[in-house]
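Here's the structure, in structure tokens; my notes come after.
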Amino acid sequence: MSTFSASLPGGTWPLGDLTVTRFGYGAMQLTGPHVMGPPADHDGALAVLHEAVRLGITHIDTADAYGPRVTNRLIREALHPYPDSLHIVTKVGAVRDEQGGWPPAREPEDLRRAVHRNLEDLGLEALDVVNLRLGDARGPQPGSLAEALETLVELQQQGLIRHLGVSNATAEQVAEARSIAPIVCVQNMYNLAHRQDDELIDELAEQGIAYVPFFPLGGFTPLQSSALMAVASRLDATPMSVALAWLLRRSPNILLIPGTSSVAHLRENVAGAGLALSDEDLAELDKIGR
């Protein structure tokens with residue numbers, strides 16, 4: 001298995017005492033439709049994970065709720081025993097219901113159960129990074145995270161978690177989390193069209209904390225999509241390539257975790273994120289989210 005590849009766009013960033021490639025891989029799309037059940041192509045899913053490591057990706061994002069329990073078991077089947085350079089980041093704080101919803105599960109016993117399931121399914125004695133998922137399917141929601149995060153801190157003190165992060169969080173919740181324990185990453189929705197976390201990203205960068213955006217093409221209006229398409233067409237690139245390349249240029253602490261169930265698409269995403277954007281391109285793209 002390959003370790004770090006200098007050819008990946010963006011270089012690396014530290015998650016605490018861990019070093020990961022800024023271009024990572026999100027495993028959510030390895031499940032069945034609507035993030036439920038097993039993949040239609042089991043061997044194809046394993047091939048994507050093998051290719052991610054072969055390309056030099058050292059950051060894989062997953063969650064016990066994906067499937068549920070599907071992506072973690074695929075990761076273990078494909079990659080265990082893991083290369084020393086590979087770091088798996090998971091999430092707790094939500095489960096799946098029979099309707100495919102994502103109801104919160106942040107009571108202490110919920111979180112303990114989820115951490116132990118992650119450990120079991122991934123075949124690990126300790127999880128590299130655990131993100132506490134907050135809010136709900138509509139997005140971040142106000143409220144204290146203290147009880148939930150303190151439960152994860154207890155598990156960290158027991159040696160079951162190395163580092164902590166938060167996901168789907170407000171800026172106030174990020175500040176509260178940092179007052180309770182060190183965090184190494186924040187995972188929120190952010191892209192060219194949704195830039196509500198601009199100030200937070202800059203603050204985290206100064207503190208050496210990673211910011212991991214999800215939905216790099218989510219929530220665009222038709223007008224914004226047209227503007228992105230115009231830039232992509234001029235550069236002879238796909239909108240996804242432009243969006244990923246812009247995120248890497250936005251701030252050095254941004255880590256990418258685009259997901260796919262296709263080896264070819266994974267390679268396209270890696271190549272696309274390395275797209276060269278001129279100052280003029282960046283100025284035009286910046287207008288989309290303003």
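How much mean residue ellipticity at 222 nm does the chain get from its helices, if each DSSP H run of length 4 or more adds -39500 (n - 2.57) and you divide by all residues, to the nearest 500 deg cm²/dmol? Spell out each step's value before the answer.
Working: 10 runs with 114 residues, N = 290.
That calculation yields -12000 deg cm²/dmol at 222 nm.
Taking H placed 1.01 Å from N in the peptide plane, check which residues at least 5 places from Gly32 or on another chain put their amide H under 5 Å from its amide H.
Result for Gly32 returns Gly37.
Ranked from highest to lowest mean number of other Cβ atoms within 10 Å per residue, what is the order of the peptides 50-62, 133-145? Provide the component values of the computation, followed by the final result.
Numbers: 50-62: 22.2, 133-145: 15.6.
Highest-to-lowest ranking by the protection proxy: 50-62, 133-145.
According to a simple spin-label model (label point 7 Å from Cα along Cα-to-Cβ), what is the distance in nm between Arg195 and Arg73?
Simple spin-label model gives 4.4 nm for this pair.
Pick the calculated Rg/Rh (Cα atoms, Kirkwood Rh) for this structure from (i) 0.96; (ii) 0.94; (iii) 1.05?
(ii)
Take each of the peptides 177-189, 15-27, average the number of other beta-carbon atoms within 10 Å over its residues, and list them starting from the highest. Show your work: numbers first, answer last.
On the way: 177-189: 19.5, 15-27: 21.9.
Put in order of decreasing packing, that is 15-27, 177-189.
Could you tell me the calculated FRET efficiency between Asp43 and Glu107, based on Cβ-Cβ distance and R0 = 51 angstrom, to the nearest 0.05? Mind dumping the intermediate values first?
Numbers: r = 38 Å, r/R0 = 0.74.
Taking R0 as 51 Å, the efficiency between Asp43 and Glu107 is 0.85.
Of the peptides 160-167, 264-271, how do they stack up when ordered by the mean number of other Cβ atoms within 10 Å, highest first?
Numbers: 160-167: 22.6, 264-271: 17.4.
Going by the mean number of other Cβ atoms within 10 Å, highest first, we get 160-167, 264-271.
For the residue pair Gln157 and Arg267, what label-to-label distance in nm results when each label sits 7 Å from Cα along the Cα-to-beta-carbon direction?
Computed distance between label sites Gln157 and Arg267 equals 5.0 nm.
Please get the size of the charge dipole for the stretch 19-153, origin at its Cα centre, with Cβ charges of +1 on Lys and Arg and -1 on Asp and Glu, quoted in debye to the nearest 20.
Result for the stretch 19-153 is approximately 240 debye, rounded to the nearest 20.
Picking from Gln157, Ile60, Ala273, whose Cα lies most toward the positive end of the charge dipole for the chain (charges on Cβ: Lys, Arg +1; Asp, Glu -1)?
Ala273
Per residue, how much accessible area does the chain show when a 1.4 Å probe rolls over the protein heavy atoms, in square angstrom? Could the numbers behind the result be given before it?
Details: 12470 Å² over 290 residues.
Accessible area per residue: 43 Å².
Where is the GNM fluctuation largest for the chain (alpha-carbon springs, 10 angstrom cutoff): Pro33, Pro216, Pro239?
Ranking Pro33, Pro216, Pro239 by mean-square fluctuation puts Pro33 first.
Enumerate the calculated ³J(HN,Hα) couplings along the stretch 48-64 in order (Karplus 6.51 cos²θ - 1.76 cosθ + 1.60, θ = phi - 60°), each rounded to whole Hz, writing x wherever the residue is Gly or Pro.
Listing the rounded values in order: 4, 5, 4, 5, 4, 5, 4, 6, x, 5, 10, 9, 10, 9, 8, 6, 4 Hz.
Can you send over the carbon and sulfur percentage of the accessible area for the stretch 141-290, probe radius 1.4 Å, protein chains only? The partial results should precede the final answer.
Working: 3510 of 6600 Å².
Summing carbon and sulfur atoms, their accessible area is 53 percent of the total for the stretch 141-290.
What percent antiparallel are the DSSP beta bridges of the chain, to the nearest 5?
Numbers: 6 of 33 bridges.
Just about 20 percent of them are antiparallel.
The values are calculated or read from the model by the stated rules, or taken from the named source; none is laboratory data. Remember, predicted model here, so these are calculated numbers, not experimental data. Don't worry about glycine lacking a Cβ; one is built from the backbone with ideal geometry, like all the others, and counts go over all protein chains shown. Accessible surface areas use protein heavy atoms only, side chains included; no ligands, DNA or RNA. Shrake-Rupley method; radii C 1.70, N 1.55, O 1.52, S 1.80 Å.
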